[in-house]
Amino acid sequence: MDIQSDRRRLLEAENGDPNPSGLISEQDAYLSKVKNRKLFLASFVAVLGSMSFGFVLGYSSPVIPELTRTADPRLRLDNSQASWFGSIVTVGAVAGGLLGGWMVEKIGRKLSLMFCSLPFVFGFTIIIAAQNVWMLYIGRVLTGLASGVTSLVVPLYISETAHEKVRGMVGSCVQLMVVLGIMGAYLAGLFLDWRWLAICCSIPPTLMMLAMCFMPETPAFLLSQGKRREAEEALRFLRGPDAPVEWECARIEDTCDEQGSSFQMSDLKDSSVYKPLLIGVMLMFFQQMTGINAIMFYAENIFQQAHFKESDLASVIVGLVQVVFTGVAAGIMDRAGRKVLLIVSGVAMVISTTSFGVYFYLMSKMQNGSGEDLTWLALTSMAVFISGFAIGWGPVPWLIMSEIFPVNARGFASAVVVLTNWSMAFFVTRTFHNMMTVLTNAGTFWLFASMCTANVIFTIIFIPETKGKTLEQIGAIFRGRSGP
């Protein structure tokens, strides 16, 4: 393929030509020669970090009830301490988001993933050796720090290594592995005490660190560092021996040259930076204000309040529902599109949180256990909420975040977005019990329902469809909107 002509066609596409000179057919011809086996391998290794992140999120649900009734007074948690044990992980994650934004620009995506394994393992080691509540807190903060780095780096690594035909599917696997980790923690919590569960949780990050040694750095980062030969080698690994990777390498290189090698704060004036940044921030704000983390952190407690006798088993069922529907989302992401799934997901959560509020309202009006016949409503509401979240607002915001930022601003913008996500997660999880007290159980879920309504409206008006577009074409969407 002639690289110069490909560059010309790319520029025509970015300038709005609806049918640039053979670009689509050549792009399809290129993709027809691509082999995805090693791309899927690299993606699987990367999302082991997401599974580690899921184990951290799921760890608190089976462990909090155990630690509140432990015979060791040094480790016994009261209600306030239990709340901190569940939510303090988000404090570490906020710091991890900031650290991750710096790391991906300074040492790259690959090394960032390898290094974030260390606080995962160290954090769980401190929990295993805990002699007092403060050691439990420190362990949770460290695993939260690792989770914050992971939640930024894994989507970025996958978006920069995957091509447009499978980016939606492999990008959705980030959230799929998170929920697999959550379900794994719930399931293992049925059989293991809290120390052995911590040992189990340290296995995925250890495997990721070892396996990532054999995976490539992302081509976009290598080109931003002026390492074209290494970028072509990385693309050959990811695309297979038959693909003419020089064509894709030239396409990425043109974008890197156009955007500059480093991000400056003055770049925030550029619509290709501030528009996707605002979209990313709002996506994460609305994702957390659905109440998902509060519900997952305290799943067993919620089921106990709903009068389920086997609340720990109910949490495992919730985790299984989430895994199944996140898998469905991964399978249809590149056909249905991101925007449609967000809208369907939002509507499902509006219905479920409203009905959950109705359940708690009716329960508050009933006495002497006469409301036990309504437990089907609580179970149905939870199932619809989890499946609705899993099919859209779980995976899609992270996927869109990894797609919409220009190369030179990905570290900074991703850090801001991850910071927003984890700050909101901390706020919601830390104030969840207070909301249940002040607003009542019913009022809390109706608040979440109103936020889900707002996120549907936001999606319809502001979210662009990125299905089937290259990262370069997505950037052109935002640049094109800036002009008259």
Q. Which whole-Hz ³J(HN,Hα) couplings does segment 356-361 yield from phi under the Karplus relation 6.51 cos²θ - 1.76 cosθ + 1.60, θ = phi - 60°, glycine and proline marked x?
A. 5, x, 4, 4, 5, 5
Q | Total lysine pairs whose alpha carbons fall under 14 Å of each other in the chain (8 or more apart, or interchain) | A | 6
Q.
Under the rule of at least 5 residues apart or a separate chain, name every residue whose amide H is placed under 5 Å from the amide H of residue 192.
A. none
Q: Could you calculate, for the chain, the ratio of the Cα radius of gyration to the Kirkwood radius, expressed as Rg to Rh?
A: 0.99
Q. From the backbone phi of segment 237-247, what are the Karplus-calculated ³J(HN,Hα) couplings (6.51 cos²θ - 1.76 cosθ + 1.60, θ = phi - 60°) in whole Hz, Gly and Pro given as x?
A. 4, 7, 9, x, x, 8, 7, x, 5, 4, 5
Q.
For residue 240, what residues show an amide H to amide H distance below 5 Å, using hydrogens built from the backbone and excluding near sequence neighbours?
A. 35
Q. Could you work out the helix-only [θ] at 222 nm for the chain, with each DSSP H run of four or more residues adding -39,500 (n - 2.57) and the total divided by the number of residues, to the nearest 500 deg cm²/dmol?
A. -25500 deg cm²/dmol
(Q) Can you compute the charge dipole magnitude of segment 384-484 about its Cα centre, using +1 on each Lys and Arg Cβ and -1 on each Asp and Glu Cβ, nothing else charged? Give it in debye, rounded to the nearest 20. (A) 120 debye
(Q) Quick check: convex hull of the Cα atoms in segment 368-480, volume per residue, rounded to a whole Å³? (A) 122 Å³
Q | Assigned charges on the beta-carbon of Lys, Arg, Asp, Glu; segment 138-220 dipole about Cα centre (debye) | A | 140 debye
**Q.** Lys, Arg +1 and Asp, Glu -1 on Cβ, resulting dipole of the chain about Cα centre, debye, nearest 20
**A.** 360 debye
(Q) Of 172, 129, 264, which is farthest towards the positive pole of the chain's charge dipole, taken about the Cα centre with +1 and -1 on the beta-carbons of Lys, Arg and Asp, Glu respectively? (A) 129
(Q) Positive end of the dipole of the chain, charges at C-beta (+1 Lys, Arg; -1 Asp, Glu), about the Cα centre: which of 292, 440, 281 has its Cα farthest in that direction? (A) 440
Q: Obtain the nm distance between the two label points defined at residue 190 and residue 111 by a simple spin-label model: each point lies 7 Å from its Cα along the Cα-to-C-beta direction.
A: 4.4 nm
Q. If we sort 459-470, 165-176, 79-90, 330-341 on the protection proxy, mean other Cβ atoms within 10 Å, highest first, what's the order?
A. 165-176, 79-90, 330-341, 459-470
Q) If you line up the long axis of helix 410-438 against the longest principal axis of the chain, both from Cα atoms, how many degrees apart are they, to the nearest 10? A) 20 degrees
(Q) Explain nothing, just compute: Karplus ³J(HN,Hα) = 6.51 cos²θ - 1.76 cosθ + 1.60, θ = phi - 60°, for every residue of segment 387-398 in order, whole Hz, x for Gly and Pro. (A) 5, x, 4, 5, 7, x, 6, x, x, 5, x, 5
Q.
What is the sum of charges, Lys and Arg at +1 and Asp and Glu at -1, for the other residues whose Cβ falls under 13 Å from the Cβ of residue 49?
A. +2
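Quick note: the coordinates plus some simple rules give every number you see, no bench work behind them. The structure presented is a predicted model; accordingly, all values stated were derived computationally and were not measured. Ideal geometry is used to build each Cβ from the backbone, glycine not excepted, and the neighbour counts take in all protein chains shown.
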